[in-house]
Ligand SMILES: [Zn+2]
């Protein structure tokens with residue numbers, strides 16, 4: 001066979017081989033058969049040039065090179081055709097199942113806080129944020145709990161080692177983690193004249209042993225209203241409206257006498273059990289009632305501490321546990337679940 005015949009035969013053989021290729025692997029085999037540097041048909045052709053007539057060599061070499069390029073081009077085109085048929089759109093297989101995107105969600109305590117805040121906002125209350133590291137004066141003393149007051153024992157406090165700089169440099173450094181949001185009452189009244197209408201949501205801390213209903217960190221909402229001629233009837237009206245808007249229009253609300261150092265008189269507020277509608281169940285311990293918040297008329301000593309005239313102004317305050325409300329509203333059985341960052345729980349709350 002002459003080199004010219006070899007070139008023609010190789011071209012025909014390649015075209016026949018390429019025509020039946022359907023896969024990437026098959027194409028690779030064909031490519032190796034013709035273009036492999038050592039064993040490929042083109043390499044063999046080039047080698048056979050040595051036997052050709054020296055006069056014909058340049059033309060034959062040119063033709064063999066042209067065939068090589070032709071084969072490379074044909075393989076590239078075939079590869080694109082195979083890719084396009086197995087991955088129809090730009091290499092993406094649209095028949096594969098989609099990957100689900102995970103969306104962020106608001107934490108159940110955030111949801112409850114937002115619901116509480118928006119109900120009070122609608123009643124004209126201003127929303128406040130304050131420092132979690134607090135000093136003794138704002139957390140206790142100004143709230144009618146001087147050092148050695150027995151009521152301090154009701155709130156087991158986390159004291160800070162050393163002290164943290166206060167949020168306002170003109171104030172004493174923070175020495176404890178606030179045990180309630182009531183310090184915000186003092187902070188606001190120190191710098192504002194009545195009338196006052198605020199609510200302050202935030203995290204608070206107590207040295208409680210964690211169990212089903214206790215966590216060393218939990219969330220409270222503080223409410224305070226001060227003005228002239230404010231009475232206990234205003235307190236009851238506001239809280240009953242709030243509780244019925246929040247839970248259910250038929251919710252029954254009961255105020256029972258209680259004690260807090262910073263309010264006088266003080267009350268604990270109970271609502272008819274949301275689980276059994278007051279008939280008695282395990283959650284309400286068969287009483288039909290659930291304790292929901294603490295409240296009362298602001299103690300005159302608190303007004304004196306912030307420079308308000310207790311003869312002229314009266315007011316009321318309340319403190320509501322967001323976690324407790326979330327436990328009841330979402331029927332979660334263990335408060336610790338709210339702080340466990342378990343997505344299986346956190347993904348369940350309607351946003
Ligand atoms: Zn019940």
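The values are calculated or read from the model by the stated rules, or taken from the named source; none is laboratory data. As the structure is a computational prediction, the values presented were derived from the model and not from experiment. Neighbour counts run over all protein chains shown; Cβ positions are idealised from the backbone, glycine included.
Observations on the structure shown:
- All helices (runs of 4 or more DSSP H) inside the range 1-53 with 1 or more residues being at pLDDT below 90 and over 57 Å from the mean Cα position of the chain (by Cα): 3-19, 41-48
- When the range 274-292 is limited to residues that are surrounded by fewer than 17 Cβ atoms within 10 Å (Cβ to Cβ), modelled with pLDDT under 90 and within 18 Å of residue 245 (Cα to Cα), the one that is farthest from the ligand (Cβ to nearest atom) turns out to be 277.
- From the list 270, 259, 255, the lone residue that is in a strand (DSSP E or B), within 16 Å of the ligand (Cβ to nearest atom) and within 29 Å of residue 179 (Cβ to Cβ) is 270.
- For the range 226-239, taking the residues that are part of a helix (DSSP H, G or I) and more than 31 Å from the chain's Cα centre (by Cα), the one that is nearest to the ligand (Cβ to nearest atom) is identified as 236.
- Some residue of the range 295-317 being within 16 Å of the ligand (Cβ to nearest atom) and either out of contact with any strand residue (DSSP E or B) (no Cβ under 6 Å at 6 or more places or on another chain) or part of a helix (DSSP H, G or I) (or both): no
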